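What follows is one structure encoded as structure tokens, with my remarks underneath.
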Amino acid sequence: MSQMRVVPVSPIGTRASTALVNHGGHCRLENIDVPVYPASRHAMAVVMKRRSLGLSLREAAARIGLAPRDLSDIEHGRAVFEHDGDLNLALLRMEDR
């Protein structure tokens, strides 16, 4: 199985959000800035294929040959496959049993 490379994507901005933040055992809500990533055809294709096959993220990552973290990054637009051909190969590998 050939090795696929996943490359990070730079955020295109931030959006305001609220998070529960722990300060030495005391939690409180705080306003935070969350990175926003560009829409990715890699993300859409992988998520749609994985869901149509009823696979968990870990199952799909194992079939593709990626770490679950890398597949999560792709699905959330934080990373893409280095080569477009790898996207097609990943989609095919998800179907393998």
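Each value in this text was obtained by applying a stated rule to the coordinates, not by laboratory testing. From a predicted model like this one, the values you see are computed outputs, not experimental measurements. No Cβ is skipped: glycine too gets one built from the backbone with ideal geometry, and neighbour counts run over all protein chains shown.
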- Message: In whole Hz and in residue order, list the ³J(HN,Hα) couplings for segment 52-61 that follow from phi through the Karplus curve 6.51 cos²θ - 1.76 cosθ + 1.60, θ = phi - 60°; x for Gly and Pro.
- Response: 5, 8, x, 9, 6, 4, 5, 4, 5, 4
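Arrange Leu92, Leu87 by Cβ neighbour counts within 10 Å, fewest through most, would you?
Values: Leu92 12, Leu87 18.
Taking fewest neighbouring Cβ atoms as first place, the list is Leu92, Leu87.
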- Give the long-range amide H neighbours of Tyr37: residues separated by 5 or more places, or on another chain, with amide H under 5 Å away, using H modelled in the peptide plane at 1.01 Å from N. Ile12
- Hull volume in cubic angstrom per residue (convex hull over the Cα atoms of segment 38-97): 68
- For Val7, Val80, order by how many other beta-carbon atoms lie within 10 Å, fewest first: Val7, Val80
- Long-range HN-HN contacts of Val80 with modeled amide H, under 5 Å: Val7, Val9
